[in-house]
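Before any comments, here is the structure.
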Amino acid sequence: MTKVTALRRKMRNNRIMRPAWLFLVFAAAIGMAQPGDFSGSFVFPLDGEVIRYEAQANDPVAKLQRDLATGRRTLTRDPKTGYLKPILEALGVSTASQILVFSKTSFQLHRISPDNPRALYFNDDVYVGYVPGGDVVELSAVDPEKGGIFYSLSQTESKKPQIVRRDECLQCHASPRTLGVPGHIVRSVYPLHEGFPATNAPSYNTDHRSPFDLRFGGWYVTGSTGSIKHMGNSVGTDPDQPEKLDYEHNRNWTSLASKYELQKTLTPHSDVVAHLVLAHQTAGHNYIARVSYEARTAMYMQASINRSLKEPVDTFSESTERRLDRSAEILLRYMLFTDEKKLPSPIRGDSGYAAEFAKVGAKDRKGRSLREFDLDTRLFRYPLSFLIYSEAFDALPETIRARFYSKLDTVLAGKDTAGMSAALTSAQRSAIRDIVLDTKPEARRRWK
């Protein structure tokens, strides 16, 4: 019996013992299924010939651990924050990305509270969680083929610190709530005064399609949010009515000094722009992983059928074609922000995160990038996800990438009938086409 199979059996026999291990803990958002979604997704088997989740990972954290094991890299522990700073440096994660969560939604919940929030730092494919006074640094990363992989690093000083892979995190991080694949979800809860999520109130998964008045519950949010109503920066004072939050005084916070000792974390910020990028990115990676799993499973099954029927190896049945087409279209819809909730008022961050994020974007000959923010009416100026540059996207099976680019070409020409073209202006479609052609060689090859 493999470790993953044994784990799933343990999960079935002990469902009440499902700790929310990592910093991006999730819960179902009742009634919030999105159009063109993988609603009710079954959980893919992870230990078969197709996925091979247990095999060696090739995400940035796994590569760092191999460097630590061979001595090519070392980590010097800081007396104040342990291995947090050297881990961020080694993984190329900026401190400007810091956002803070004070709800008790982690396995280190006994240390987390509104006056001792957990800090989360991230880049395009790595997440690092830190609890002041905690026993471990929490890490996860996106493997190009496997999806989310989870790790921890002990804060105890060691001459040879070791990052440990934690597949037991799949107890929470591989379910229909993560689209049936190992992944991450940002959770919004109604927190009570000590940080415990109210059990008699709903909680919500968050991405760019979520209503703003259901976002940020249990998180601190700094920066200018204008008139936007949200759940952040406040706790319920009545356990019987936890949904009664202070919506009037929880907006446009420029300081958290009254909430916790700022020296506990690396910066005093919990930047609203970083919050929005995180929500889009985590779900986006889940979609990419789900589509990868769908395509690889469909092609594996088709290959078996072709062998049995002595059909040519490149034969696809109508059902396989439909499955691949649907997967590509769902992914495209998400990556084009088709169902994005528009900003009710302009927002501005306060940590410098937005400038850092935009600076590293691949630019077209006119200097435009998919990482340019709008922040007045929507998140990005040119609404095609920057995840199109990710290793996970480029690792999608050829048959999915071919369909994705073909459908994207149709949308940008204004010819689709599924609402994706209509959600973009003519100027946006033209700009996105130019940016993609100038920055993605695969698009040039396919569209030529």
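Values in this text are rule-based calculations from the coordinates and carry no lab data. On a predicted model such as this, the values are computed, not experimentally measured, just so you know. Neighbour counts are summed over all protein chains in view; Cβ atoms, including those assigned to glycine, are modelled from backbone coordinates with ideal geometry.
For Lys359 paired with Asp213, estimate the spin-label separation in nm (one decimal), with each label point 7 Å from Cα along the Cα-to-Cβ line.
Those two pseudo-labels are separated by 3.9 nm.
May I ask for the longest run of the chain untouched by GluC sites (Glu not before Pro) that are loop-located per DSSP and have at most 12 neighbouring C-beta atoms (other than their own) within 10 Å?
Numbers: sites that count: Glu49, Glu157, Glu248, Glu261.
The segment 262-448 is the longest one with no such site.
May I ask you to derive the FRET efficiency for Leu309 and Asn58 from their Cβ-Cβ distance with R0 = 51 Å, giving the value to the nearest 0.05? Write down the numbers at each step before the final one.
On the way: r = 35 Å, r/R0 = 0.69.
That pair, Leu309 with Asn58, gives E of 0.90.
What are the principal axis extents of the Cα atoms in the stretch 303-447, in Å, biggest first?
Between the extreme Cα coordinates on each principal axis of the stretch 303-447 lie 61, 28, 26 Å.
So what is the calculated 222 nm ellipticity per residue for the chain, using -39500 (n - 2.57) for each DSSP H run with n of 4 or more, over all residues, to the nearest 500 deg cm²/dmol?
Details: 11 runs with 137 residues, N = 448.
The helix-only estimate for the chain comes to -9500 deg cm²/dmol at 222 nm.
Taking 7 Å along the Cα-to-C-beta vector as the label spot, tell me the Ser227-Asp135 distance in nanometres, rounded to one decimal.
4.9 nm
For His249 and Asp325, what does the FRET efficiency come to when R0 = 45 Å and r is the distance between their Cβ atoms, rounded to the nearest 0.05?
Values: r = 49 Å, r/R0 = 1.09.
E between His249 and Asp325, to the nearest 0.05, is 0.35.
Could you sort out which of Lys146/Lys342; Lys259/Lys342; Lys159/Lys359; Lys85/Lys244; Lys63/Lys85; Lys146/Lys448 sit more than 27 Å apart by Cα distance in this structure?
Working: Lys146/Lys342 32 Å; Lys259/Lys342 30 Å; Lys159/Lys359 36 Å; Lys85/Lys244 38 Å; Lys63/Lys85 18 Å; Lys146/Lys448 31 Å.
Flagged as over cut-off: Lys146/Lys342; Lys259/Lys342; Lys159/Lys359; Lys85/Lys244; Lys146/Lys448.
Tell me, what is the Rg over Rh of the stretch 48-101, with Rh the Kirkwood radius over Cα pairs?
Values: Rg = 14.6 Å, Rh = 13.3 Å.
That ratio is 1.10, to two decimals.
So for Ile400, Ile305, fewest C-beta neighbours within 10 Å to most, what's the order?
On the way: Ile400 23, Ile305 13.
Ascending number of Cβ neighbours within 10 Å: Ile305, Ile400.
Using label points projected 7 Å from each Cα along Cα→Cβ, tell me how many nm separate Ala413 and Thr156, to one decimal.
6.3 nm
For Rg/Rh (Cα atoms, Kirkwood Rh), one of [x] 1.05; [y] 0.96; [z] 1.50 was computed from the structure I shared and the rest are decoys. Which label?
[y]
Quote to one decimal, in nm, the extra length available between Glu391 and Tyr300 on full extension: 0.36 nm per residue of separation minus the C-alpha distance between them.
Details: separation 91, 0.36 × 91 = 32.76 nm, distance 2.22 nm.
Gain on extension, Glu391 to Tyr300, equals 30.5 nm.
Within the stretch 173-198, which residues have the backbone N less than 17 Å from the label spot 7 Å out from Asp238 along Cα→beta-carbon, could you tell me?
190-193, 198
At a Förster radius of 35 Å, what calculated FRET efficiency corresponds to the Cβ-Cβ distance of Asp438 and Lys259, to the nearest 0.05?
Details: r = 45 Å, r/R0 = 1.28.
Plugging the Cβ-Cβ distance into 1/(1 + (r/R0)^6) gives 0.20.
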